[in-house]
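The values are calculated or read from the model by the stated rules, or taken from the named source; none is laboratory data. Here the structure is a predicted model, which means the values were calculated and not measured. Note that each Cβ is placed from the backbone with ideal geometry, even for glycine, and that neighbours are counted across all protein chains shown.
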Amino acid sequence: MKIEKGINQLIEKYIRSESNQQELEDALTLFEAPYQNLNLRRVIYEAWKVETGINKQPESENFSEVLDKIHHRINLENQVQRKSKGKRLLVTIPKVAAILIIGILLGLFIHQLENPEPLYSTFISPKGSVSQMILPDNTLVYLNAGSEIKYTVNSTNKQREVFLNGEAWFEVTKNKKKPFVVHTPFYDVKVFGTQFNVKAYQFDEEFTTTLEEGNIEVVSGKLKVKENTFLKPGEQLVYNTSENTLKIKNVNTRLFTSWKDNKIIFINMNLKELIVLLERKFGVDIEVADNMVLDYHYDGTIKEETILEVLDLLKETLPIQYKIEGQKIIIQNK
């Protein structure tokens, strides 16, 4: 009972950004043992209910929204305090610390079914984090911020299947007898063993698949792509969801996969797309007060910078300014 009370207090202090150094280290140790701490999912939601006054119990599939809200607040508070040289210990930890670990470990949960149906695991990487995981077949997956992947853990099918909403980089373990299939809302990607990136956020206008090594087949099936397409290394398939068009082009794959190394490179990106990218990477909410700024374009690289440092750079090169109101960043024209 004392142990459970101690866990609750650690989570509560983490959510309120009140952890001291020892409490933060204890929390990180706790998060490193997800299979021994399966009740963490319940504990963190109960703590969030107390903090926000929300009494309604969410559906399991909405748990990622709870994590997003927690990270939106913590991430923005951390950025503000780091710029103002605040002394709260939580902001002094490495960029891939508690927030990333929660994204990796607490996002993992299993739906237990009483009937002999396939058993699925869902893995969530909240906004503000990049997560890494290894599937049961030893396939390596990097999951980008704001993404979710579901896979079967007891599949008897002749293929390995995952269902992606968001962006993921895969290094697939070779198995010629059992191909690996990534399902997206508009097409499937079929491989036997290779390295590739799939960007398929549900509400994005473009879905992209970028091949680094090996070969892959984009399969139409019941989806909206009219015919199967094969990609070669260095090629990218771009599917426009609103126009229902598909094109293949040669690209520098590093520009589309560097995010897994906590580095983002963008060339001639308009501010509208860049804002979406920043919201996902840093786990913050950004509002545009003047839509005319959305057409501005920018080249750059983000690696170690904070969100406020990125905004300061944008302000120096584009005719924009920003302010922070509550937990929201507001961008407007100068």
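Couple of notes before you dig in:
- Condition met for Lys263 (of a type in the set (D, E, K, R), in contact with a strand residue (DSSP E or B) (Cβ under 8 Å, 6 or more places away or on another chain) and at pLDDT below 90): yes
- Residues within the stretch 268-286 that are in contact (Cβ under 8 Å) with a residue 60 or more places away in the chain and not aliphatic (A, V, I, L, M), tallied: 6
- Residues of the stretch 130-160 satisfying the condition of being outside any loop (DSSP other than H, G, I, E, B) and either farther than 25 Å from Tyr201 by Cβ or of a type in the set (Lys, Arg) (or both): Lys150, Arg160
- Subset of the stretch 320-334 (residues that are in contact (Cβ under 8 Å) with a residue 24 or more places away in the chain and either part of a helix (DSSP H, G or I) or touching a strand residue (DSSP E or B) at 6+ places or on another chain (Cβ under 7 Å) (or both)): Ile320, Gln327, Lys328, Ile329, Ile330, Ile331, Gln332, Asn333
- Asn252 vs. criteria modelled with pLDDT of 90 or more and over 25 Å from Pro126 (Cα atoms): yes
- Checking the stated criteria, Phe282 turns out not to satisfy the condition of being loosely packed, with under 15 Cβ neighbours inside 10 Å, under 17 Å from the mean Cα position of the chain (by Cα) and at pLDDT below 90.
- Residues that are over 20 Å from the mean Cα position of the chain (by Cα), crowded, with 17+ Cβ neighbours inside 10 Å and more than 17 Å from Leu231 (Cβ to Cβ) occur in the stretch 160-172; there is at least one.
Residue-by-condition table, conditions (1) in the same structural domain as Val182 (by TED's automatic domain parsing); (2) in contact with a helix residue (DSSP H, G or I) (Cβ under 9 Å, 6 or more places away or on another chain); (3) free of Cβ contacts under 8 Å to residues at least 24 places away in the same chain:
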position	(1), (2), (3)
Leu135	yes, no, no
Thr139	yes, no, no
Tyr142	yes, yes, no
Ala145	yes, yes, no
Ile149	yes, no, no
Thr152	yes, no, no
Lys158	yes, no, yes
Val162	yes, no, no
Glu167	yes, yes, no
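- Of all residues in the stretch 253-267, those that are in contact (Cβ under 8 Å) with a residue 40 or more places away in the chain and closer than 19 Å to Tyr298 by Cβ have Cβ atoms under 9 Å from Cβ atoms of residues that are among the aliphatic types (A, V, I, L, M) and assigned to a strand (DSSP E or B), 6 or more apart or on another chain, in Phe256/Ile265; Trp259/Ile265; Lys263/Ile302.
- The stretch 229-245 residues that are modelled with pLDDT of 85 or more and assigned to a loop (DSSP other than H, G, I, E, B), paired with ones that are of a type in the set (D, E, K, R) and crowded, with 16+ Cβ neighbours inside 10 Å (beta carbon under 9 Å, 6 or more apart): Pro233/Glu212; Gly234/Glu212
- Residues of the stretch 246-264 satisfying the condition of being of a type in the set (A, V, I, L, M) and in a helix (DSSP H, G or I): Leu255
- Residues of the stretch 287-308 classified as among the aliphatic types (A, V, I, L, M) and free of Cβ contacts under 8 Å to residues at least 40 places away in the same chain, total: 2
- Residues of the stretch 275-334 satisfying the condition of being of a type in the set (D, E, K, R) and farther than 24 Å from Asn262 by Cβ: Glu287, Asp290, Asp295, Lys323, Glu325, Lys328, Lys334
- Any hit, the stretch 228-245, residues being within 30 Å of Glu304 (Cβ to Cβ), crowded, with 19+ Cβ neighbours inside 10 Å and of a type in the set (Ser, Thr, Tyr): no
- Qualifying residue in the stretch 265-279 (condition: more than 25 Å from the chain's Cα centre (by Cα), at negative phi, not in a strand (DSSP E or B) and not assigned by TED's automatic domain parsing to the domain that holds Val198): no
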